[in-house]
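A short worksheet on the structure shown next.
The values are calculated or read from the model by the stated rules, or taken from the named source; none is laboratory data. Bear in mind the structure is a predicted one, so any value in this text is a computation, not a measurement. FYI the Cβ positions are ideal-geometry reconstructions off the backbone, even for glycines, and counts take in every protein chain you see.
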């Protein structure tokens with residue numbers, strides 16, 4: 001149970017009267033007790049009738065002073081916590097002597113500590129560290145017998161309560177270099193710590209292995225039974241008493257090799273019990289070399305037998321070797337109190353056997369697995385299977401291929417993201433990229449990467465795809481259709497949350513040409529990707545979708561190789577970083593639209609419009625742009641408006657005589 005200082009004072013007084021040999025607190029009292037009388041009167045109502053009573057109450061001693069007086073009358077050890085921050089330093093109550101190397105070189109080091117109030121430390125006869133050093137799995141197997149704070153050594157709580165119970169005043173630490181200790185010129189660490197009549201063997205850093213026993217309620221005395229007299233002096237006299245907490249809410253529950261959860265105070269109690277019984281666990285100095293030698297010798301035998309006697313013969317030897325190390329470890333623990341690790345040798349020998357017997361299989365499967373791992377995230381499962389079945393189709397070293405590239409990006413993404421928190425933004429991008437990725441994979445494409453709000457994909461690598469321009473165009477049309485479905489869903493979600501809705505517009509760029517594709521990156525981290533000038537062109541075409549307010553902008557080479565789709569030329573454009581202009585198109589539909597009479601009429605009228613514009617026939621071009629707008633061409637309205645703006649500008653400032661209709665891109 002948790003105790004305020006007024007309750008702790010009463011408990012200490014009762015234990016002292018009952019003859020406890022030593023009392024240790026597995027807790028820290030770093031702050032004044034808020035329940036002291038002088039603190040309580042602050043909450044009384046203001047009243048002249050109470051003023052005299054308040055004055056008398058304020059003269060009463062604080063609960064901390066009462067606790068300190070109780071500590072002065074009993075053999076008490078207060079706990080402290082060594083920590084990285086210096087909060088309040090504990091007082092030293094015992095001396096340290098050493099033989100051999102200075103133990104401060106090896107003891108666990110902490111810059112500071114959190115200790116109890118000075119008014120409590122003064123009358124206490126001991127001070128002990130409550131620390132334990134976490135293992136890799138957070139299970140406690142060892143406890144430090146001493147710690148170093150600054151340049152001062154302090155004992156553990158278990159060590160100091162044992163010292164106080166014996167009436168001892170000094171610890172004697174035996175380190176490497178001491179009499180009868182072989183160190184061979186090395187500072188190998190702490191060997192033993194003498195506490196009164198007991199000599200405790202330790203690890204090099206002063207930690208003691210705990211031979212844990214099962215949790216037992218017989219160790220415990222409820223504090224309330226001590227206070228109300230149900231537990232008398234016959235159960236207290238001459239005993240070492242450790243006061244701690246057991247409530248789960250106080251977060252002092254620890255895991256041991258035998259129990260998933262025990263009160264922290266029991267760890268100190270079991271350490272004291274083990275020292276009193278002198279039943280220690282030891283990790284002999286030769287244990288690690290012996291384990292390594294065992295692994296080396298038996299491992300070599302198993303490896304040789306795998307090739308000489310086959311898997312069955314080596315399996316028999318491996319099973320015998322594992323059973324042998326487990327048997328040796330158990331005997332050493334039970335009969336000698338030695339800790340010999342059976343786990344690592346057993347795991348190592350098993351691993352050697354599995355590695356040897358699996359070598360041939362892994363060698364034949366390596367190429368197939370490499371292909372699966374390399375492409376499973378950005379290729380359709382059917383294509384991955386084709387590659388895994390015939391890895392020769394893949395050239396991972398890098399190759400030049402004729403490819404079609406697709407870039408897709410969210411227009412105005414910054415504005416959209418400003419209205420969403422991190423979780424909503426993640427959901428938004430996932431809900432966008434999932435259907436877009438599925439479309440690319442369905443159309444035999446390969447997803448190169450996701451770049452923020454952008455998607456990059458390509459066709460005709462790593463597998464041959466003779467019709468890659470058409471597959472890319474079909475994917476673009478499906479993305480255009482999917483964007484309408486997504487916007488309707490996002491609109492409904494926004495209305496349900498009573499949030500303003502802004503239409504999400506996508507830009508798509510398509511281009512076809514020769515590129516370099518393969519594993520690109522460093523020797524340790526690489527991706528299957530594509531680079532080249534045609535990749536840059538595809539990216540810049542996507543960037544122009546905002547300029548023309550069209551969803552898909554397509555390069556001339558793609559249009560020439562995808563004759564079954566409805567394209568309209570939109571401009572003769574010289575892109576950033578380019579010396580010559582190229583014809584750019586927009587994708588409006590598939591073969592059904594291309595063969596429809598309205599599109600044929602629009603295409604004819606649109607061709608006449610571009611011819612007039614490039615011939616500098618401004619009046620004719622202006623009139624034809626209006627005629628095109630009347631032909632049910634809502635997606636192209638911004639394009640014609642842009643051209644009318646150019647025409648108005650050219651009327652004021654005519655282009656040079658050799659002008660051929662080329663426009664220069666103002667951005668990438």
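Please find, within the range 157-175, the residue that is farthest from residue 76 (Cα to Cα) out of those that are over 42 Å from the mean Cα position of the chain (by Cα) and assigned to a helix (DSSP H, G or I). By that ranking, first place goes to 166.
Of the residues making up the range 443-457, those that are closer than 16 Å to residue 409 by Cβ and either touching a residue at least 40 places away in the same chain (Cβ under 8 Å) or more than 35 Å from the chain's Cα centre (by Cα) (or both) are 447, 448, 449, 453, 454, 455, 456, 457. Within the range 558-572, the set of residues being closer than 18 Å to residue 621 by Cα and surrounded by 21 or more Cβ atoms within 10 Å (Cβ to Cβ) comprises 568, 570, 571. Please determine whether any residue of the range 64-81 is within 25 Å of residue 143 (Cβ to Cβ), in a loop (DSSP other than H, G, I, E, B) and in contact (Cβ under 8 Å) with a residue 24 or more places away in the chain. For the range 64-81, residues within 25 Å of residue 143 (Cβ to Cβ), in a loop (DSSP other than H, G, I, E, B) and in contact (Cβ under 8 Å) with a residue 24 or more places away in the chain: present. Scanning the range 524-562 for residues that are assigned to a loop (DSSP other than H, G, I, E, B) and out of contact with any helix residue (DSSP H, G or I) (no Cβ under 7 Å at 6 or more places or on another chain) gives 524, 525, 532, 544. Taken together, 465, 448 contain a single residue that is closer than 28 Å to residue 514 by Cα, touching a helix residue (DSSP H, G or I) at 6+ places or on another chain (Cβ under 7 Å) and not in a helix (DSSP H, G or I), which is 465.
Conditions (1) touching a strand residue (DSSP E or B) at 6+ places or on another chain (Cβ under 6 Å); (2) closer than 17 Å to residue 354 by Cα; (3) touching a residue at least 24 places away in the same chain (Cβ under 8 Å), marked per residue:
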site: 266; (1), (2), (3): no, no, yes
site: 278; (1), (2), (3): no, no, yes
site: 285; (1), (2), (3): no, no, no
site: 298; (1), (2), (3): no, yes, yes
site: 302; (1), (2), (3): no, yes, yes
site: 316; (1), (2), (3): no, yes, no
site: 331; (1), (2), (3): no, no, no
site: 338; (1), (2), (3): yes, no, yes
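A single member of 326, 304, 316, 322 is modelled with pLDDT of 75 or more, farther than 30 Å from residue 450 by Cα, assigned to a helix (DSSP H, G or I) and touching a helix residue (DSSP H, G or I) at 6+ places or on another chain (Cβ under 6 Å), and it is 322.
Comparison of 440, 410 shows that the only residue that is modelled with pLDDT of 90 or more, more than 29 Å from the chain's Cα centre (by Cα) and closer than 24 Å to residue 516 by Cα is 440.
All of (1) out of contact with any helix residue (DSSP H, G or I) (no Cβ under 9 Å at 6 or more places or on another chain); (2) in contact (Cβ under 8 Å) with a residue 24 or more places away in the chain hold for residue 136 with one exception: (2). Please tell me if residue 332 is in a helix (DSSP H, G or I), outside the structural domain of residue 203 (by TED's automatic domain parsing) and within 16 Å of residue 292 (Cα to Cα). No, not satisfied. Per the conditions (1) modelled with pLDDT under 85; (2) assigned to a helix (DSSP H, G or I); (3) surrounded by fewer than 13 Cβ atoms within 10 Å (Cβ to Cβ), the sole criterion not satisfied by residue 285 is (2). Note on the range 584-624: among residues that are part of a loop (DSSP other than H, G, I, E, B) and under 58 Å from the mean Cα position of the chain (by Cα), the one that is nearest to residue 560 (Cα to Cα) is 590.
Scan the range 652-667 and give yes if some residue there is part of a helix (DSSP H, G or I), touching a helix residue (DSSP H, G or I) at 6+ places or on another chain (Cβ under 9 Å) and either surrounded by 15 or more Cβ atoms within 10 Å (Cβ to Cβ) or not assigned by TED's automatic domain parsing to the domain that holds residue 597 (or both), otherwise no. No, every residue in the range 652-667 fails to be part of a helix (DSSP H, G or I), touching a helix residue (DSSP H, G or I) at 6+ places or on another chain (Cβ under 9 Å) and either surrounded by 15 or more Cβ atoms within 10 Å (Cβ to Cβ) or not assigned by TED's automatic domain parsing to the domain that holds residue 597 (or both).
Note on the range 21-58: among residues that are in contact (Cβ under 8 Å) with a residue 60 or more places away in the chain and out of contact with any helix residue (DSSP H, G or I) (no Cβ under 9 Å at 6 or more places or on another chain), the one that is nearest to residue 234 (Cα to Cα) is 28. Among the residues of the range 206-251, those identified as in a loop (DSSP other than H, G, I, E, B), surrounded by 19 or more Cβ atoms within 10 Å (Cβ to Cβ) and touching a strand residue (DSSP E or B) at 6+ places or on another chain (Cβ under 7 Å) are 206, 210, 244, 245. The set of residues from the range 59-80 being in contact with a strand residue (DSSP E or B) (Cβ under 6 Å, 6 or more places away or on another chain) and either closer than 29 Å to residue 41 by Cβ or surrounded by fewer than 18 Cβ atoms within 10 Å (Cβ to Cβ) (or both) comprises just one member, 78.
Each residue in the range 461-504 was checked for being crowded, with 21+ Cβ neighbours inside 10 Å and more than 26 Å from residue 588 (Cβ to Cβ), and 2 pass. You will find that of 507, 555, the residue that is under 18 Å from residue 451 (Cβ atoms) and either free of Cβ contacts under 8 Å to residues at least 60 places away in the same chain or surrounded by 22 or more Cβ atoms within 10 Å (Cβ to Cβ) (or both) is 507 and no other. Just one residue in the set 339, 305, 267 is in the same structural domain as residue 356 (by TED's automatic domain parsing), closer than 20 Å to residue 134 by Cα and surrounded by 16 or more Cβ atoms within 10 Å (Cβ to Cβ); that residue is 339. Taken over the range 93-112, the criterion of being crowded, with 19+ Cβ neighbours inside 10 Å and without any contact (Cβ under 8 Å) to a residue 40 or more places away in the chain is satisfied by 110 alone. The sole residue among 362, 349 that is buried (at least 16 other Cβ atoms within 10 Å of the Cβ), under 34 Å from the mean Cα position of the chain (by Cα) and either outside any helix (DSSP H, G or I) or modelled with pLDDT under 85 (or both) is 349.
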